[in-house]
Amino acid sequence: MSGNSLQPGGRGNPVNGLLNVLVTLICWGYFIFAFLFFFAFFYLASYLFAADREKSFQYLNFRFFRGFLWLLRSLAPRHSWNIDPQIANIRGSIIVCNHLSYLDPLLFLSLLPRNKTIVKTKFFKAPVFGWLVDISGYLPSTTEGIYAGKMIQQVEKMSVFFKSGGNLFVFPEGTRNPDAGIGALHKGVFKIARMAKCPIHVLGLSGTDVLFTPGKFFFNTRLRNKIYLKIIETIPSDTKQGTMTVSILEEKVRCAFQKQKLLYEGRLV
């Protein structure tokens, strides 16, 4: 469901290839050095002194990835970004979106100051990063083994999280899917929506897979490309629980994704 507007201008040129390498190294250098020599001090201070560690860590994640996206956008000006300004006003909701690239979760982290998401369990085991996602209150992608208790604990706190203005963003297909088809949707997020009685915002994303292509290490900075992130539909909260079943919510989201596909095929004008 990419549907981006792509123009030639970057492939086959050795100079462009070198620029792609340089920009990639600068951006990933930000991950290492901005964290070690700047953000790490704030994370440590928040861990030791913040009254609400989870909230503080989520805000620091937001500031960290906001800086990363600003750097990437500055170094890859041929990619134009069209981000729906209303996304910044979303509060107390579940946000679902199609998934094209590893850039997608970083983009959402840079847009939402209060955020949670579902993270692959292998990241909970990673040094330092695992500590960050755990303290931030992110949900593991499985309920097997040691992650069962963690998942239950986080789900039980979701209603309070939503009431405080937090958002849970999820890619319900569960994996990157740059194809036009719509994959199977995981039902867990719809169960959380019913339990917490919160609205679901369906977003459509296009073009991030051109900037950072799945299976590639380097950014494609020299291509002319348009990246879109739009609110496609909002499904109101189920105030009378039982009106919206899990199956109905799943079908509504699927229909919204289909609508998004048709919009992008028409270049989303």
Next on the checklist: Scan the range 26-48 and tell me whether some residue there is in contact with a strand residue (DSSP E or B) (Cβ under 8 Å, 6 or more places away or on another chain) and under 30 Å from PHE257 (Cβ atoms).
Outcome noted: no
Checklist entry - With respect to the numbered conditions (1) among the polar types (S, T, N, Q); (2) in contact (Cβ under 8 Å) with a residue 60 or more places away in the chain; (3) surrounded by 19 or more Cβ atoms within 10 Å (Cβ to Cβ), which one is the sole condition not fulfilled by SER110? => result (2)
Checklist outcome for this item: Here the qualifying pairs (Cβ atoms under 6 Å; residues six or more apart or on different chains; first in the range 90-105 and closer than 13 Å to SER237 by Cβ; second modelled with pLDDT under 95 and among the charged types (D, E, K, R)) come out as none
Next on the checklist: Just to be sure I understand, how many residues within the range 80-102 are surrounded by fewer than 19 Cβ atoms within 10 Å (Cβ to Cβ) and in contact with a Ser or Thr (Cβ under 8 Å, 6 or more places away or on another chain)?
Outcome noted: 1
Next on the checklist: Among the residues that make up the range 52-59, is at least one of them more than 29 Å from PHE161 (Cα to Cα) and among the aromatic types (Phe, Trp, Tyr)?
Outcome noted: no
Next on the checklist: Taking the condition of being closer than 14 Å to LEU203 by Cβ and either at pLDDT 80 or above or of a type outside the set (A, V, I, L, M, F, W, C) (or both), how many residues in the range 259-269 meet it?
Outcome noted: 4
Checklist outcome for this item: Scanning the range 51-84 for residues that are in a helix (DSSP H, G or I) and either over 30 Å from THR221 (Cα atoms) or at pLDDT below 95 (or both) gives ARG53, GLU54, LYS55, SER56, PHE57
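Is it true that GLN86 is touching a residue at least 24 places away in the same chain (Cβ under 8 Å) and among the polar types (S, T, N, Q)?
Answer is yes for this residue.
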Item to check | Every residue from the range 134-148 that is at pLDDT below 90, of a type outside the set (Gly, Ala, Ser) and touching a helix residue (DSSP H, G or I) at 6+ places or on another chain (Cβ under 7 Å) | outcome: PRO140, THR142, THR143, TYR147
Checklist entry - Are any residues in the range 117-140 without any contact (Cβ under 8 Å) to a residue 24 or more places away in the chain, part of a loop (DSSP other than H, G, I, E, B) and under 17 Å from the mean Cα position of the chain (by Cα), and if so, which ones? => result LYS120, TYR138
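The values are calculated or read from the model by the stated rules, or taken from the named source; none is laboratory data. Please read these numbers as outputs of a predicted model, since none were measured by experiment. Note that we place each Cβ from the backbone using ideal geometry, even for glycine, and neighbour counts take in every protein chain shown.
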